[in-house]
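Quick notes on the structure that follows.
The values are calculated or read from the model by the stated rules, or taken from the named source; none is laboratory data. Keep in mind the model is a prediction, meaning the values are calculated, not measured. FYI the Cβ positions are ideal-geometry reconstructions off the backbone, even for glycines, and counts take in every protein chain you see. Note: areas computed on protein heavy atoms with side chains; ligands, DNA, RNA excluded. Shrake-Rupley method; radii C 1.70, N 1.55, O 1.52, S 1.80 Å.
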Amino acid sequence: MSSGAIKPTPVLEADPAVMVEARFRCAARAEQRGQAAEAARYRAGSNDQGWAMRFEVELIQKEGNV
């Protein structure tokens, strides 16, 4: 049984430098899969709320490289 409505995912907030790096990484991975249009969307910031961006932002923050 359902316990109610699905809660929306909170807006992804991170340092601008982290967001740029995450977009770059996601775009590179999309290009490796042959998905040029998807890569362009990552570069433009159109996919910032997706799970791949959330994963990359978390990874970059854990690495502490930016």
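Quick look at the values:
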{"read-out": "Conditions (1) outside any helix (DSSP H, G or I); (2) open to solvent by 60 Å² or more (accessible area, probe 1.4 Å); (3) in contact (Cβ under 8 Å) with a residue 24 or more places away in the chain; number of the one not met by Q61", "value": "(1)"}
{"read-out": "Members of region 9-58 found to be in contact (Cβ under 8 Å) with a residue 12 or more places away in the chain, assigned to a loop (DSSP other than H, G, I, E, B) and either of a type in the set (K, R) or in contact with a Leu (Cβ under 8 Å, 6 or more places away or on another chain) (or both), listed by number", "value": "D48, Q49"}
{"read-out": "Residue ID - nearest to V57 (Cα to Cα), chosen from residues in region 13-47 that are of a type in the set (G, A, S) and open to solvent by less than 40 Å² (accessible area, probe 1.4 Å)", "value": "A22"}
